[in-house]
Amino acid sequence: MSPNPNSGGSFARHSNSSGSDRPLPSRKWREEQDDDYPAARVPTTPKLTTEFDASSIVNRDYDDDGDAANFDMLALLNQYEQTLNEIQEGQILQGTVVEVRENEVLLNIGFKSEGVIPIEEFGATQIKVGDTFDVFLEHLEDQDGLVVLSKERADFLKVWDKIKQAHENGEVVKGIVDRRIKGGLVVKLWDVDTFLPGSQVALRQVPDLDQLIGKEIDCQIIKKNKRRRNVVVSRRIVLEREREEKKKNLMSELDKDQVRKGIVKNITDFGAFVDLGGIDGLLHITDLSWGRVKHPSEVVNIGDEIQVKILDFDRDRERISLGLKQLQNYPWENVEAKYPEKAIVQGKVVSITNYGAFVELEEGIEGLIHISEMSWTRHIKHPSKILSIGDDVEVMVLKIDKGNEKISLGLKQTEQDPWLSLNERYPVGTIIEGRVRNLTDFGAFVEVEEGIDGLVHISDMSWTKRVRHPKEIVRKGDLVQVQILDIDAEKRRISLGIKQLQDNPWPTLAEDYPVGRQVEGKVIRMLDHGMVVEIGNDIEGFVPVGHLAIPKLDKPQFFFHEEETLPMHVIKMDAENRRIVLSVAEFYKDQPRDTLEAYIAAHPRRDDVVETEIDPEGADEYADAAVDIPASPIGDLDGVGEGS
């Protein structure tokens, strides 16, 4: 029998054709070689001769002196040797399946022992006894006495030259996507597993890599390592090359206003990118539809094939603006005919702002209901109090501005204006009861009916009292009776009165307070030119500064106190202007001198008085009340009589 091919250390030795011995490479040595050491160059041992030659006898115990039986034994041994392939580690051999186990497959390679291969190396291939495969001899013998084989490595080495050549020449090769793994895909290239990283699958990120499994793709080898049996491929490089070629051709064809087909490649908040066949264009959200679009995904989806119009083309910067709505009819073309003014139309609320609500009449045509056009009577703080997005509403067309694509709509105009019939329902003189809704400096607003308020001016709150602020008479929320004084439907104003609920007392006051009558008045307000006093029953009178009977008096607040009660006489009754002029001096005119002196002594000038702010309206109320009444000399003690 021939010696073990692996005997003699890490290299097995055999005779070459020149008769000299040379070492065979060990497995470790072979794995450390670089990529240009192909499997085809692994040396092989010479085959044993099929003819008996006495000079090639291995066992020297048999020599020429032996008998014929010994020569027969040698012939048998040589025949046994011939049944074995003369093999060594590192060769690619053909093996036949002899047994399929749970985790491994046994193959006969023509050696004294069967070879073993892990079953996962066969992938999805159906294996049965008798099948033949090319295998790589890893070890001649393992701890179980079996030959260690590898199908994957055999497949790899068989096509290594192809892989190397394709890589060096940058060739485009075809492969089948086999399965998905962490970080990318496994692509079968000449039945060899290669790795396609996720970043190299396409020009943009592919959300679902599983959709490529089973498909044939064009790719290019970008990295290889023979020792590790590692091959990395890229599909993106091929696609980029194809895109550049298409882009070059497309750039020479594109022009503004062309209509082209494209595929939606990506969607953002501001629009969609469409591949026109080598170059992408931007379809802005405002050019997707004549109607309102919140997000491009409402109109297009990734992968959609659509027709678009080229709106603008910058050849130098390679930027293309696209339009989709431009391929549709312009909805504002005949808007005046479709929506004439004063027409009642149907629409849907699509947006609400602080100043109104936008209503879609049809796709691409919207109108605005201003907040002031929502209700005849209600004071609306925000449109959401009346309308909600999605509401179907009936509106009136108020105005159309085709040039600016604007339509003014009215909601309240679809109902009868209650102000038009207000005069019929509330004739002048009608007494109603309402709640005080608001107070201002000039009056109080009282609710006449829901949404309609009337104003009670301060001059219509009292016949006799000079009202400076409505809070002197009413409070917000009070339920009061008022009389309708006037209704102006055009200006939407209603005048109300409180004092008109009573008869005007001034015609009789002239009889009750004739000139010369003595009264007592309580100081309620001070003016620069006099004091306002109350003489009872909310009746006010005015005392000019020259009739206060104080010598050298400049301003009343330096000598008198509010709420102070003083004696006085009526010196003027003006019923027409509703004024009563009074005089303290006239009272003391007929009083003893010592009484006047006591009065003057009780009202010395006070230097610590802070001047109060005088109401301009109050200051003017009695500005001309005593213009025709001269100042009284009473107060000048030299002009006062003795009295009794």
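The values are calculated or read from the model by the stated rules, or taken from the named source; none is laboratory data. Everything quoted here is computed from the prediction, not taken from an experiment. Note that we place each Cβ from the backbone using ideal geometry, even for glycine, and neighbour counts take in every protein chain shown. Accessible surface is based on the protein model in full, side chains and every heavy atom, while ligands, DNA and RNA are left aside. Shrake-Rupley method; radii C 1.70, N 1.55, O 1.52, S 1.80 Å.
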*Kindly sort K151, K188 by accessible area of their heavy atoms, largest first, with the probe set to 1.4 Å.*
K188, K151
*Would you list, by chain and number, the lysines whose Cα falls below 17 Å from the Cα of K385, excluding same-chain residues fewer than 8 positions away?*
K348, K412
*How far apart, in nm, are two points set 7 Å out from the Cα along the Cα-to-Cβ line at A337 and at E216?*
5.8
*From the residues L254, G214, N266, which one has its Cα farthest along the dipole of region 174-324 in the positive direction, the dipole being from +1 and -1 charges on Cβ of Lys/Arg and Asp/Glu about the Cα centre?*
G214
*Give the relative contact order (percent, whole number) for region 156-252; include only Cα pairs under 8 Å separated by 6+ residues.*
28
*At a probe radius of 1.4 Å, what is the per-residue accessible area of R235, in Å² to the nearest 10?*
50
*How much net charge surrounds V300 when only other residues with a Cβ under 13 Å from its Cβ are counted (Lys, Arg +1; Asp, Glu -1)?*
-3
*Determine how large the accessible area of M251 is when every protein chain is in place; take a 1.4 Å probe and give Å² rounded to the nearest 10.*
30
*Two-site FRET efficiency, E511 against E415, from Cβ-Cβ distance with R₀ of 56 Å, rounded to 0.05*: 0.55
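In debye to the nearest 20, how big a dipole does region 230-272 give about its Cα centre with +1 on each Lys and Arg Cβ and -1 on each Asp and Glu Cβ?
With only Lys, Arg, Asp and Glu charged at Cβ, the dipole is about 160 debye.
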*Percent of Cα-Cα pairs per 5 Å bin, from 0 to the last occupied bin, for region 244-383, please list those.*
2, 9, 16, 16, 14, 11, 10, 8, 6, 4, 3, 1, 0, 0
*asked:* If you wrap a convex hull around the alpha carbons of region 190-282, what volume per residue comes out, as a whole number of Å³?
replied: 125
*Could you provide, to the nearest whole Å², the per residue accessible area of region 120-248 with probe 1.4 Å?*
56
*Determine the order of R517, R180 by accessible area, beginning with the largest, at a probe radius of 1.4 Å.*
R180, R517
_Extent along principal axes [Cα atoms of region 463-621; Å; largest to smallest]_ = 64, 39, 25
_Give me the Å³ per residue figure for the convex hull around the C-alpha atoms of region 75-197._
140
*Heavy-atom SASA rank of W290, W190 (probe 1.4 Å, accessible area, largest first)*: W190, W290
*Rounded to the nearest 20 debye, dipole of region 425-496 from Cβ charges on Lys, Arg, Asp, Glu*: 300
_With every protein chain left in place and a probe of 1.4 Å, what is the accessible surface of D210, to the nearest 10 Å²?_
80
*Cα pair distances of region 174-232 binned at 10 Å [whole percent]*: 23, 60, 16, 1
*Taking all pairs of distinct alpha-carbon atoms in region 327-425, Kirkwood radius in angstrom*: 14.2
*So how far apart, in nm, are the two label points at N225 and D554 if each is 7 Å from Cα heading toward Cβ?*
10.7
*region 299-345 and region 106-133: distance between their alpha carbon centers, rounded to Å*: 66
